[in-house]
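Student: Quick one: the structure is below, questions incoming.
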Amino acid sequence: MFYKTAHRLVAPIIKAWWRPKVTGLENVPETGPVIIAANHRANVDSFLVPVVFNRKVRYIIKADFWHKTGLTARIKQRFFEAVGSIPVERGTLKSAHGSLEKARQVLQEGGLFAIYPEGTRSKTGKLGRGRTGIAWLEEKTGAPIIPVGLVGTEKLFVPGKTLPRPRRAKLEVRIGTPIDFSDIDRSLPENRRRRAITDRVMEEIQKLSGQERETPQPKTKH
């Protein structure tokens with residue numbers, strides 16, 4: 001009830017102010033489990049996606065977000081709690097696995113779960129290498145993965161501040177069609193199979209976002 005009420009009140013205001021151009025919304029099923037895989041350019045991404053989607057969007061949120069103090073932080077914390085966000089400690093494997101288990105539960109209940117496969121916000125503007133948690137979710141739930149390219153969100157606010165830029169940024173939310181994995185050999189070893197699925201997801205996100213891909217750094221020997 002809170003989510004529906006907040007969405008009815010907030011979404012029209014955000015849309016009128018930010019004026020995001022949304023394409024492909026018809027690709028999102030009205031019911032049933034769905035995984036939304038998006039690039040991550042700015043903190044505001046987690047507000048923009050729920051605004052433009054007609055269905056309730058569940059997210060993983062960094063647990064250290066709940067450690068912040070102040071009135072603004074508390075309001076945001078209560079908002080994310082009310083919409084069912086899932087906290088995860090940064091860099092903690094056990095907690096990350098637990099968050100994916102909760103995400104699986106959301107999908108098994110027929111919900112829509114959104115994830116940033118990069119795992120963190122891009123600091124360079126380039127699209128990072130995806131983490132294989134999204135492949136784990138796809139295999140465990142069978143839910144379709146729909147790629148989303150967010151364009152312009154990094155230009156909404158002055159870097160390091162909550163002040164909007166003087167000139168309104170042009171925002172786009174480009175929603176793709178469910179990704180086809182039929183050509184991926186499911187008999188491959190787990191690590192290769194999940195890497196192939198994840199790389200396919202990142203390829204589809206890149207087509208929508210238009211970002212340059214980050215080059216993986218070679219591992220150094222000690």
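The values are calculated or read from the model by the stated rules, or taken from the named source; none is laboratory data. Not measured: the values here are computed from a predicted model. Glycine gets a Cβ as well: all are built from the backbone with ideal geometry, and neighbour counts include every protein chain shown. In case anyone asks, the SASA skips ligands and DNA or RNA and just uses the protein heavy atoms, side chains included. Shrake-Rupley method; radii C 1.70, N 1.55, O 1.52, S 1.80 Å.
Student: Being among the aromatic types (Phe, Trp, Tyr) and either at positive phi or modelled with pLDDT of 85 or more (or both): is that true of PHE157 here?
Tutor: no
Student: Mind checking whether some residue in region 49-71 is at pLDDT below 70 and aromatic (Phe, Trp, Tyr)?
Tutor: yes
Student: Let me ask something additional. Just checking, which of GLU109, GLU118 is under 25 Å from THR132 (Cα atoms), modelled with pLDDT of 80 or more and open to solvent by 60 Å² or more (accessible area, probe 1.4 Å)?
Tutor: Details: GLU118 fails: open to solvent by 60 Å² or more (accessible area, probe 1.4 Å).
Answer to the check: GLU109.
Student: On to the next question. Would you check which residues across region 188-222 are open to solvent by 90 Å² or more (accessible area, probe 1.4 Å) and at pLDDT 95 or above and list them?
Tutor: GLU190, ASN191, ARG192, LYS207
Student: Residue pairs, Cβ under 6 Å, 6 or more apart or interchain, first in region 1-19 and more than 20 Å from THR153 (Cβ to Cβ) and modelled with pLDDT under 70, second in a helix (DSSP H, G or I) and not acidic (Asp, Glu). List them.
Tutor: Listed by first residue and then by second, the contacts come to PHE2/ALA82.
Student: A further question on this structure: Looking only at region 139-154, how many residues end up being at pLDDT below 95 and assigned to a helix (DSSP H, G or I)?
Tutor: 2
Student: Do we find that ILE179 is modelled with pLDDT of 95 or more, under 22 Å from ASN39 (Cβ atoms), part of a loop (DSSP other than H, G, I, E, B) and open to solvent by less than 30 Å² (accessible area, probe 1.4 Å) in this structure? Reasoning before the result, please.
Tutor: On the way: modelled with pLDDT of 95 or more: yes; under 22 Å from ASN39 (Cβ atoms): yes; part of a loop (DSSP other than H, G, I, E, B): yes; open to solvent by less than 30 Å² (accessible area, probe 1.4 Å): yes.
Taking the combined requirement at face value, the residue satisfies it.
Student: Please name all residue pairs, on different chains or six or more residues apart, with Cβ atoms under 7 Å, provided the first residue is in region 21-49 and is open to solvent by less than 50 Å² (accessible area, probe 1.4 Å) and in a helix (DSSP H, G or I) and the second residue is modelled with pLDDT of 90 or more and among the small types (Gly, Ala, Ser).
Tutor: ASN27/GLY176; ASP45/ALA38; VAL49/ALA38; VAL49/ALA114
Student: Spot the failing condition for THR31; the list is (1) at pLDDT 90 or above; (2) closer than 23 Å to GLU109 by Cβ; (3) in contact with a strand residue (DSSP E or B) (Cβ under 6 Å, 6 or more places away or on another chain), and only one is missed.
Tutor: Unmet for THR31, out of (1) at pLDDT 90 or above; (2) closer than 23 Å to GLU109 by Cβ; (3) in contact with a strand residue (DSSP E or B) (Cβ under 6 Å, 6 or more places away or on another chain): (3).
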